[in-house]
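The values are calculated or read from the model by the stated rules, or taken from the named source; none is laboratory data. Bear in mind the structure is a predicted one, so any value in this text is a computation, not a measurement. Backbone-built Cβ (ideal geometry, glycine too); neighbour counts: all protein chains shown. Protein only, heavy atoms only, side chains kept; ligands, DNA and RNA dropped before computing areas. Shrake-Rupley method; radii C 1.70, N 1.55, O 1.52, S 1.80 Å.
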Amino acid sequence: MAESSEQFRGQSRLPRFAEPFRYDLLLRPDLASCTFSGSAAVAVAVSAPTRFLVLNAAELSVDGSSIRFQDWVPTEVAQFEEDEILVIGFGQELPIGEGVIAMNFTGTLNDQMRGFYRSKYEYKGESRNMAVTQFEAADARRCFPCWDEPAFKAKFKLTLEVPAELVALSNMPVVKETAHGPLKTVYYEESPLMSTYLVAIVVGLFDYIESSTLEGTKVRVYTQVGKTSQGKFALDGGVKSLDLYKDYFATPYPLPKLDMIAIPDFAAGAMENYGLVTYRESALLYDDQLSSASNKQQVAITVAHELAHQWFGNLVTMEWWTHLWLNEGFASWVSYLAVESVFPEWNNWTQFLDETTSGLRLDALAESHPIEVEVNHASEIDAIFDSISYDKGASVIRMLQSYLGADRFQKALASYIKKYAYSNAKTEDLWAVLEEETGEPVKDLMTTWTKQQGYPVIFAKLNGEYLELEQAQFLSDGSSGTGTWIVPMTSCCGSYDVNKKFLLKGKTDKIHIKDFAASQSVDRGTGQNSWIKLNIDQTGFYRVKYDDELAAGLENAVKAKKLSLMDMIGIVEDSYALSVACKQTLTSLLRLLNAYRHESDYTILSHVTSVCLGVNKISTDATPDLSRDIKQLLIKLLLLAAKRVGWDPKDGESHLDVMLRSLLLIALVKLGHDETITEGFRRFHIFLENRKSPLLPPDNRKAAYLAVMRTVSTSSRAGYDALLKIYRETSEAQEKSRILGSLSSCPDKDIVVEALNFMLTDEVRNQDAFYVLGGISLEGREVAWAWLKVSDLLTHGDQCSPQRRHLVIRLCKGSLSVVWLVLLHQIHWVIAGNWTTANLC
């Protein structure tokens, strides 16, 4: 039987008998009709006998009569939407070598925040459209026919035909513009080799501010007209990050310019497009009068993350999505390195433990997945943009850096970047370079962390002068897993002056205390030096369960403040996780928490409050008779620090103290502390009359909004309506997110449902739906779960259009918004089922 296009159906990857090496693209977006037309001329190298060209295309109308390969006219053109491919057949085999395939096509500027889409903004009181691209992971095919896989790197030469008054940006600088009536044609420099998912286009009305790196690279931040002052912080951070990365990776920034732009409708936090990085507004813009300290910090981290990708991801790109973590894990890790360099007073590496904790919590589920996941189809890619790829990925990189040493690790990374620049790499390629540069068994070590899911808990027991160790897979439901890891262990005894590094290669091992004890003898009584700490500074991605004697020693060390900030955090996080898994009692956890009652450091208290709120959620379900007493104990634990910082900012206070105030006030409101709720309610009503009142600065507003919602009911809804009024009047994305995250925190179930229905209206941008879901009160969990189940959501025809329902469902299922995980975390049914009164001993 003769070959036909049908043979290419259902394939996980494109065939490699023809590969692109240069795209010449012309695009004409029509912002009025929300459509676009274009033409593509793609230079390809045919390397094996074939009469077909197979590439990706989705939601495009390709004009079959326009297709030519050189002068050849195709005999068959088939577009398979379910596979998102375009198959072009010719009457005879294509000549081996280079040729050009050309075609015309049209498409829609969709409202799905992927591919080539439209975003709405206001200019002089009038609603307008801008055209934006978002191609990661596999949506360049929705803008132009292409080989839409990361390994098919090519050069891109773009031309745009747009309204003359608009700004048109792409990856490369503009070569020239020509005007013709109401339109202009913009020509861009040809790009270096890059993957299709990194191509970017933005067309709209923008202002910009600019600066330059030490090497003279021009950096700009584009904002909506009139908002450039809010881009100054990101611009400064971006310039400093580029300078730092140039030195760290020992490779110059590869492009002649870098633009960063704020987009009103944007599904992710940001996207690292080569030379044109796109952000949602709240992730790029900062206003010291309107933004909180946590917003400022998040902007710094996000900018550093995306610019790290210009090397790790763009210059060197993963070969396939199985290796996504190479992009995201490294960018997450190195972003903290950059921000620590610029803002050392933020204790950023200590705050990195937020990432580690997030990864540990998700990876303790039996339904987790390995860092390296086999991806067999483009439809599977979104599912791995999660805390495993980002947070666990970053954490195991930190673990490896700690094991190898910072200098050796940096030099090896620089060698890796140089070796694979402008090409693609797999995880094994990185391990090979690290092994070659350091002489350490990196592949054997790291394979146990990237190719199997989960992580170990190390059981530590003191037996005479020996510390006995045993590893087992940790699962939050208390069951036992079968995994075994090569674990980079660190230990110290009574002091950080002497410590020991070693690899735990089997299930068990033991070490003599004198191998890592300080010079003084170890007192096994109750002295302040009688403690042993494993996993120093939490550099390892694992939990530790100490025997009673060791745990008591660490509890004393916490009280005496003998431990580092990171170890103070690690001990309480491990204790909480072990308690949830029924590996230790709630009583022992509460006793440990009490040891932190005089703590005043933000980085520690951020984890202590998180644990307190987690205990409150679970005890409400599992032990309702005791939950009130437990709640009062938790309030008492946090109240001392809260009274120290108070509600009002103080002259000269640190960035971390500003964040601490917000953290504690929010926690106390959530725990139902009457005094805090009353004061928040009072300040909110003053703010309602005077939006510039110093009594409610941006950092404290979330606490006040939550306090107001605790007083709302269907019969007394003034607070809810007042928050909606503020939401409708503000144009600031960060303020809108604060309000959305508060609306569903009401104890009244009917108000919770009303907030969820409001989420589906056109007043809430699609990207912001997860704020509402993430704020659901304990009392509203069951009604929210019933509402959110897809079978119910699909029947809410009177609440939103079918297209909007489809988008909300897609965002809910997507890992980027992690809505489902957020809600499951809120519900806690499974965990609560394990944590019964039997655990209270």
Checklist entry - Which condition does GLU3 not pass, out of (1) under 30 Å from TYR422 (Cβ atoms); (2) open to solvent by 60 Å² or more (accessible area, probe 1.4 Å); (3) in contact (Cβ under 8 Å) with a residue 40 or more places away in the chain; (4) not basic (Lys, Arg), if it passes all the others? => result (1)
Item to check | Single residue of region 455-478 satisfying the filter (open to solvent by 50 Å² or more (accessible area, probe 1.4 Å) and assigned to a loop (DSSP other than H, G, I, E, B)) that is farthest from MET399 (Cα to Cα) | outcome: GLU465
Checklist entry - What strands (runs of 3 or more DSSP E), lying completely within region 18-96, carry at least 2 residues that are out of contact with any Gly (no Cβ under 9 Å at 6 or more places or on another chain) and under 30 Å from ALA164 (Cα atoms)? => result 18-30, 35-46, 60-69
Next on the checklist: I'd like to verify a number: residues in region 548-583 that are of a type outside the set (A, V, I, L, M, F, W, C) and under 19 Å from THR603 (Cα atoms), how many?
Outcome noted: 11
Checklist entry - Among the residues of region 542-561, is there at least one that is open to solvent by 10 Å² or more (accessible area, probe 1.4 Å) and under 25 Å from VAL658 (Cβ atoms)? => result yes
Checklist entry - When you look at MET446, is it closer than 25 Å to THR317 by Cβ, touching a strand residue (DSSP E or B) at 6+ places or on another chain (Cβ under 8 Å), in contact (Cβ under 8 Å) with a residue 24 or more places away in the chain and open to solvent by less than 10 Å² (accessible area, probe 1.4 Å), yes or no? => result no
Checklist outcome for this item: If we keep only residues of region 424-443 that are open to solvent by 40 Å² or more (accessible area, probe 1.4 Å) and small (Gly, Ala, Ser), then the residue modelled with the lowest pLDDT is GLY439
Checklist entry - How about region 238-256: which of its residues are open to solvent by 20 Å² or more (accessible area, probe 1.4 Å) and either within 19 Å of the chain's Cα centre (by Cα) or hydrophobic (A, V, I, L, M, F, W, C) (or both)? => result LEU244, ALA250
Checklist outcome for this item: Residue pairs within 7 Å by beta carbon, gap of at least six or interchain, first lying in region 709-738 and among the β-branched types (Val, Ile, Thr), second surrounded by fewer than 19 Cβ atoms within 10 Å (Cβ to Cβ) and assigned to a helix (DSSP H, G or I), listed first then second, are THR711/PHE681; THR714/ASP750
Item to check | Residue count for region 501-536, restricted to those that are open to solvent by 50 Å² or more (accessible area, probe 1.4 Å), modelled with pLDDT of 90 or more and of a type in the set (D, E, K, R) | outcome: 5
Checklist outcome for this item: ASP259: passes all of (1) of a type outside the set (Gly, Ala, Ser); (2) buried (at least 19 other Cβ atoms within 10 Å of the Cβ); (3) in contact with a helix residue (DSSP H, G or I) (Cβ under 7 Å, 6 or more places away or on another chain); (4) not in a helix (DSSP H, G or I) but (3)
Item to check | Check on GLN112, modelled with pLDDT under 95, surrounded by fewer than 23 Cβ atoms within 10 Å (Cβ to Cβ), more than 30 Å from VAL764 (Cβ to Cβ) and of a type outside the set (Val, Ile, Thr) | outcome: no
Checklist entry - Looking at region 262-273, which of its residues are part of a loop (DSSP other than H, G, I, E, B) and either in contact with a Phe, Trp or Tyr (Cβ under 9 Å, 6 or more places away or on another chain) or open to solvent by 20 Å² or more (accessible area, probe 1.4 Å) (or both)? => result PRO264, ASP265, PHE266, ALA267, ALA268, GLY269, ASN273
Item to check | Out of THR761, THR711, sole residue that is of a type outside the set (D, E, K, R), in contact with a Gly (Cβ under 7 Å, 6 or more places away or on another chain) and open to solvent by 10 Å² or more (accessible area, probe 1.4 Å) | outcome: THR711
